[in-house]
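K.L.:
Got a structure for you, written out below as structure tokens; questions coming shortly.
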Amino acid sequence: MESPLPIRKIIHVDMDAFYASVEQLDFPELRGKALAVGGNEVRGVVSAASYQARAFGVRSAMSGVLAKRLCPELIFVPPRFDRYREISMKIRAIFLEYTDLVEPLSLDEAYLDVTENKKGNPSATLIASQIRERIFQQTGLRCSAGISINKFVAKIASDYNKPNGQKTVEPDEVIPFLEALDIRKFYGVGKVTAQKMYQLGIFTGLDLKKKPIEFLNEHFGKSGSLYYNVVRGIHNSPVKPDRVPKSVGAERTFTENLSSEVFMLERLEHLSVELEQRLRKNKVAGKTITLKIKYSDFSLQTRSKTLDFYISDKSLILDTATELLYQEKLHNSVRLLGISLGNLNTDAPEIPVQTKKSLSVQLKFKF
Amino acid sequence: MKFIISSTYLLKQLQVLGGVINSKNTLPILDNFLFELDKDKLTVSASDLETTMSAVLEVESESQGNIAVPARLLLETLKTFPEQPLTFIVENNNTIEINSNHGKYALAYADGAEFPNTIELEEASTTVILGDILATAINKTIFASGNDELRPVMNGVFFQFSTENLTFVATDAHKLVKYQRTDVTADQVAEFIMPKKPLNILKGILEGSESEVKIEYNVSNAKFTFDNTELICRLIDGKYPNYEAVIPKENPNKLTISRSQFYSTVRRVSIFSNKTTHQIRLKIAGAELNISAEDIDYSNKAEERLTCDYQGDDMAIGFNSKFLNEMLSNLNSDNVTLEMSVPSRAGILSPIDGLDEGEHITMLVMPVMIND
């Protein structure tokens, strides 16, 4: 691998069953029990499951009904995001003792770039064990870590010895590690892409590596060259300390499936209000409105529209969302609706300067 | 070739025709008027290749001939004469001599055959409209047309004729005017886009005219014939945007207000608006319309309150005051309505009174989004 950059040392830290572990930590009676945070027996989805529940096949994002069927003794608890956030901040403080290059992915996951670190410790493997130890001492929670030369490999490695373990993929091990890797674990490969890969005879990293870049571009479009590089250990995405949200959204699963748009309008109104609050809090506005519709058969549809200007006002959000709702017939009853706003004005760095001068945009007819 | 004509009569006609002549021409012959004499009929034409206008003048003459006379020189000379008969005599040395009460003046002329031929309209349809109505239709719409070379279709006025009405539309994508007459109809459906220059000329001539204007048109040209005058022009090629689609149908918020009061307030407040955006803000709550503007760069600020009749939700909406001013000044009614839906959709301005029977005016203006 020819890289002009010095070899980086990236750690991916992932808390083990974070929400569920926090609940078990705070409520000793839940310890050792099959636990699901979020959802309930009849409705909603599981946000997180304890390892005891995972043994039964309960996974996050699974519907409550299915989870209960898989694991009849499953206990549902409501999520307490404030508490998770509080602990997450404690953990982040520990990361920051080692490096400022911390990129949180969510409350329970982060990338750290420790190539240059505040402790002057040359071993990323040792730093990772220290961090894991400190997290356990200060919070009582376990986590896993992956250590390697880029974010992609580090993230896969953190899953390797989970829970409560860590895995280092040394620079000279990266290539064999990736070649042996199941294609489903690759960056950006979900269920659909995996199916496609299988059909093309790609099952492992090695299979992927054998395909020329033209072949990948033809079959996977823009992602083709990404796959091509990643399997060669090239993933130069830096650890971005202040990761800005790409979109802000609000969504709601209904207690009963809705079949008429008329009832949905009311829900959209609530969602618009909620979204406006979130936008206010983050001090952002966006141009692209996406309406997410999850049907009763769990199939998902998104409809979006990009405006010429940034909006953050609930009436405008509602107006556009309503337009999207009526744009096409619903093909089933609906269990979830969500509105999100993307193309945020944080993407364009020059805008904050202009906002001081009260940015205004002359609108045009859409001819 | 020789003819006698009244100096002021000729000047008046030539000044109108002179509007067609460009100040700079690539073809030098276009700097001339074409004089075509046939006994007591003198046809004078001017052209810029896109538009050709001609008028038939009555003269005293026995002869025939075609010559092209330098337009600027002739006009400048004619302007100085008091009313008197002038005799034009074409001499053999390629000059035309004008004889007045005071003396004589010689101008070099070119051969009339050099002048571009007028376009013959083939397979044309015909519609007849009263001169003053056409002038009003142009007057009400033309200010809203665009100047964007990338969208040439919007640089003209869209003529949409049907058996039920005649509709004239202009838009520059920010504002739009639809002027409709249900009291005038065409025999068949037709649509074409007229460029601005000939329309401005027609507007000037036809204002207050009781004469009937015959409009003939095919896919590429249109011809306007009235009194002694004929104007042929090339149409703007292309498809006019589907303007009906941008007229909002549901406008629950309706403001009714005195036009003159609204206009003078907008004019006054807009002096304080930002010099590039000309943005003013309308805030409507209950029966109160609050109009404000601010130029943060210079700390200028203005605010006025007006009472109005308002039905709808309280709302705040921003507009470019230039557009509002243009629209309000173009209307003649005592009262107007401004219908709105949300701050990101067009506002619809319409007059309530002062319209002729069968006359309909709809003006749309897109708002300015205020992000603060």
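K.L.:
Which residue fluctuates the most in chain A, going by a Gaussian network model with Cα springs under 10 Å, if the choices are A:24, A:327, A:130?
P.N.:
Highest fluctuation among the options: A:327.
K.L.:
Taking the alpha-carbon centroid of each part, what is the distance from region A:143-208 to region A:217-243 in angstrom?
P.N.:
Cα centroid of region A:143-208 versus Cα centroid of region A:217-243: 13 Å apart.
K.L.:
Could you tell me the distance between the Cα centroids of region A:301-329 and region B:130-159, to the nearest Å?
P.N.:
Using only Cα atoms, the two centres lie 34 Å from each other.
K.L.:
Another question, if that's okay. What is the distance in Å between the Cα centroid of region B:44-113 and that of region B:299-372?
P.N.:
51 Å
K.L.:
Moving to a separate point now. Compute the FRET efficiency between residue A:136 and residue A:195 as 1/(1 + (r/R0)^6), taking r as their Cβ-Cβ distance and R0 = 45 Å, and round to the nearest 0.05. Don't skip to the answer; put the middle values down first.
P.N.:
Values: r = 39 Å, r/R0 = 0.88.
Taking R0 as 45 Å, the efficiency between residue A:136 and residue A:195 is 0.70.
K.L.:
Could you sort A:46, A:262 by accessible area so the largest value comes first, with the probe set to 1.4 Å? Before the final figure, lay out the partial values.
P.N.:
Details: A:46 0, A:262 95 Å².
Most to least solvent-accessible, the answer reads A:262, A:46.
K.L.:
Figure the gain on full extension for residue B:191 and residue B:245 (residue separation times 0.36 nm, minus the Cα-Cα span) and round it to one decimal in nm.
P.N.:
17.7 nm
K.L.:
Where Rh is the Kirkwood radius over the Cα pairs of the protein assembly as shown, the temperature 20 °C and the viscosity 1.002 mPa s, what D in µm²/s does Stokes-Einstein return? Don't jump to the answer; show the numbers that get you there.
P.N.:
Values: Rh = 32.8 Å.
It diffuses with D of about 65 µm²/s by this estimate.
K.L.:
A further question on this structure: Relative to the Cα centre, what is the charge dipole magnitude of the protein assembly as shown, using +1 at the beta carbon of each Lys and Arg, -1 at the beta carbon of each Asp and Glu, and rounding to the nearest 20 debye? Each step should come with its number before you reach the end.
P.N.:
Details: 85 positive and 95 negative charges, 999 e Å.
It works out to roughly 4800 debye.
K.L.:
Under a 1.4 angstrom probe, counting protein chains only, how are A:294, B:2 ranked by accessible area, largest first?
P.N.:
On the way: A:294 45, B:2 105 Å².
Ranked from most to least accessible, the order is B:2, A:294.
K.L.:
Now, a different point. So if I place +1 on the C-beta of Lys and Arg and -1 on the C-beta of Asp and Glu, and nothing else carries charge, what would the dipole magnitude of chain B be about its Cα centre? I want it in debye, nearest 20.
P.N.:
Values: 32 positive and 52 negative charges, 237 e Å.
Roughly 1140 debye for chain B.
K.L.:
Would you mind checking the pairs A:294/A:314; A:68/A:151; A:305/B:254 and listing those with alpha carbons more than 26 angstrom apart? Can you show the working numbers first?
P.N.:
On the way: A:294/A:314 22 Å; A:68/A:151 35 Å; A:305/B:254 28 Å.
Those over the limit are A:68/A:151; A:305/B:254.
K.L.:
For region B:185-196, take each phi angle, set θ = phi - 60°, evaluate the Karplus expression 6.51 cos²θ - 1.76 cosθ + 1.60, and give the result in whole Hz per residue in order, putting x for glycine and proline.
P.N.:
So the J values, rounded to whole Hz, are 9, 10, 6, 8, 6, 8, 9, 7, 10, 8, x, 5.
K.L.:
Then there is this: Averaged over its residues, how many other protein chain Cβ atoms are within 10 Å of peptide B:170-180's Cβ atoms? Don't skip to the answer; put the middle values down first.
P.N.:
Numbers: counts 0, 3, 2, 6, 4, 1, 2, 0, 0, 0, 0.
The mean count of partner-chain Cβ atoms within 10 Å per residue comes to 2.
K.L.:
Taking +1 at the Cβ of each Lys and Arg and -1 at the Cβ of each Asp and Glu, which of B:369, B:347, B:333 sits farthest along the dipole of region B:294-372 towards its positive end, judged by Cα position relative to the Cα centre?
P.N.:
B:369
K.L.:
Oh, and also: Which stretch or stretches of region A:316-341 have amide N atoms under 20 Å from the point lying 7 Å from residue A:40's Cα along the Cα→Cβ direction?
P.N.:
Zone members listed by number: A:335-337.
K.L.:
Any idea of residue A:70's accessible area? Nearest 10 Å², probe 1.4 Å.
P.N.:
About 70 Å², rounded to the nearest 10.
K.L.:
Still on this structure, I have one more. Considering only DSSP states other than H, G, I, E and B, which trypsin sites (Lys or Arg not before Pro) in region A:166-227 qualify as loop sites with at most 16 other Cβ atoms within 10 Å? Please list the in-between numbers first.
P.N.:
On the way: sites: A:167, A:184, A:185, A:191, A:196, A:209, A:210, A:222; in loops: A:222.
Passing sites in region A:166-227 are A:222.
K.L.:
Please report the buried accessible area for the interface of B with A, total over both chains, probe 1.4 Å, in Å² to the nearest 100. Present the calculation step by step, with values, prior to reporting the outcome.
P.N.:
Values: alone 18100 and 19760 Å², together 35860 Å².
Answer for the B-A pair: about 2000 Å² buried.
K.L.:
Any idea what angle helix B:7-18 forms with the longest principal axis of chain B, computed on alpha-carbon atoms, 0 to 90 degrees, nearest 10?
P.N.:
Tilt of helix B:7-18: around 50 degrees.
K.L.:
Measure off, as a whole percent, the carbon and sulfur share of the 1.4 Å-probe accessible area of region B:2-114, all protein chains present. Display every interim value, and only then the final one.
P.N.:
Numbers: 2780 of 5670 Å².
Of the solvent-accessible surface of region B:2-114, carbon and sulfur hold 49 percent.
K.L.:
What's the carbon and sulfur percent of region B:247-368's accessible surface, probe 1.4 angstrom, rounded to a whole number?
P.N.:
Details: 2440 of 5560 Å².
Reported share for carbon and sulfur atoms: 44 percent.
K.L.:
Count the net charge of all other residues whose Cβ sits under 12 Å from the Cβ of residue A:33, scoring Lys and Arg as +1 and Asp and Glu as -1.
P.N.:
Numbers: positive: A:31; negative: A:23, A:29, A:73.
Result for the neighbourhood of residue A:33: -2.
K.L.:
For chain A, what is the accessible area per residue in Å² when the probe is 1.4 Å?
P.N.:
Numbers: 18690 Å² over 367 residues.
On a per-residue basis, 51 Å².
K.L.:
With each label point set 7 Å from Cα along the Cα-Cβ vector, what nm distance links residue B:271 and residue A:126?
P.N.:
With each label point 7 Å from Cα toward Cβ, the separation is 7.7 nm.
K.L.:
Also, quick follow-up: Between A:257, A:268, A:226, whose Cα lies farthest towards the positive end of the dipole of region A:221-285 when Lys and Arg beta carbons carry +1 and Asp and Glu beta carbons carry -1, centred on the Cα centre?
P.N.:
Among A:257, A:268, A:226, the one farthest towards the positive end of the dipole of region A:221-285 is A:226.
K.L.:
What does the accessible area per residue of region B:125-244 come to in Å², with a 1.4 Å probe and no ligands, DNA or RNA counted? List each step's numbers first, then the result.
P.N.:
Working: 4760 Å² over 120 residues.
Per-residue accessible area for region B:125-244 comes out at 40 Å².
K.L.:
Right, next: Positive end of the charge dipole of chain B (Lys, Arg +1 and Asp, Glu -1 on Cβ, about the Cα centre): tell me which of B:11, B:276, B:184 has its Cα farthest that way.
P.N.:
B:276
K.L.:
Another question, if that's okay. For chain B, what is the calculated [θ] at 222 nm in deg cm²/dmol (nearest 500), taking -39500 (n - 2.57) for each run of four or more DSSP H residues and dividing by its residue count?
P.N.:
That comes out to -5500 deg cm²/dmol.
K.L.:
With labels modelled as points extended 7 Å from the Cα through the Cβ direction, what inter-label distance (nm, one decimal) is found for residue A:323 paired with residue A:75?
P.N.:
Taking the simple label geometry, residue A:323 and residue A:75 are separated by 5.0 nm.
K.L.:
Only sites in a loop by DSSP and with at most 11 other Cβ atoms within 10 Å count here; which GluC sites (Glu not before Pro) in region B:112-182 make the cut?
P.N.:
On the way: sites: B:114, B:120, B:122, B:123, B:149, B:164; in loops: B:120, B:122, B:123, B:149, B:164.
For GluC sites (Glu not before Pro) across region B:112-182 that sit outside H, G, I, E and B with at most 11 neighbouring Cβ atoms in 10 Å, the list reads B:120, B:122, B:123, B:149, B:164.
K.L.:
Anything over 22 Å Cα to Cα? Flag those among A:162/A:222; A:119/A:162; A:364/B:322, in the order listed. Spell out each step's value before the answer.
P.N.:
On the way: A:162/A:222 32 Å; A:119/A:162 26 Å; A:364/B:322 15 Å.
Check vs 22 Å cut-off fails for A:162/A:222; A:119/A:162.
K.L.:
Further question on the same structure: For region B:125-244, what number of Lys pairs, 8 or more residues apart or on separate chains, have alpha-carbon atoms under 18 Å from each other?
P.N.:
The result is 15.
K.L.:
Taking K and R as +1 and D and E as -1, what net charge do the other residues with C-beta under 12 Å from the C-beta of residue B:358 add up to? If you can, show how the numbers build up before the last one.
P.N.:
Numbers: positive: B:181; negative: B:164, B:183, B:356, B:357, B:359.
Taking every Cβ under 12 Å from that of residue B:358, the sum is -4.
K.L.:
Of all the accessible heavy-atom surface of region B:125-244, with the other protein chains kept in place and a 1.4 Å probe, what percent is carbon and sulfur?
P.N.:
Values: 2100 of 4760 Å².
Answer for region B:125-244 is 44 percent, counting heavy atoms of protein chains only.
K.L.:
Evaluate the relative contact order of chain B (contact order divided by residue number), counting alpha-carbon pairs under 8 angstrom at least 6 apart; express in whole percent. Please report the intermediate quantities before stating the final value.
P.N.:
Numbers: 855 pairs, mean separation 47.6, N = 372.
RCO, chain B: 13 percent.
K.L.:
Does anyone have the angle between helix B:321-330 and the longest principal axis of chain B? Alpha-carbon axes, 0 to 90°, nearest 10?
P.N.:
Between the helix axis and the principal axis of chain B, the angle is about 60 degrees.
K.L.:
Here's another thing I want to ask about it. Using only Cα atoms and rounding to the nearest 10 degrees, what angle (0 to 90) does helix A:261-282 make with the longest principal axis of chain A?
P.N.:
Long axis of A:261-282 versus the principal axis of chain A: about 50 degrees.
K.L.:
For residue B:255, what charge total do you get from the other residues with a beta carbon under 10 Å from its beta carbon, if Lys and Arg give +1 and Asp and Glu give -1?
P.N.:
Values: positive: B:254; negative: B:309, B:339.
Charge balance in the 10 Å sphere: -1.
The values are calculated or read from the model by the stated rules, or taken from the named source; none is laboratory data. Owing to the predicted nature of the structure, the values given are computational and were not obtained by experimental measurement. A quick note on method: Cβ atoms are made from the backbone with ideal geometry, for glycine too, and the neighbour counts reach across all protein chains shown. SASA here: full protein model, heavy atoms, side chains in, ligands and nucleic acids out. Shrake-Rupley method; radii C 1.70, N 1.55, O 1.52, S 1.80 Å.
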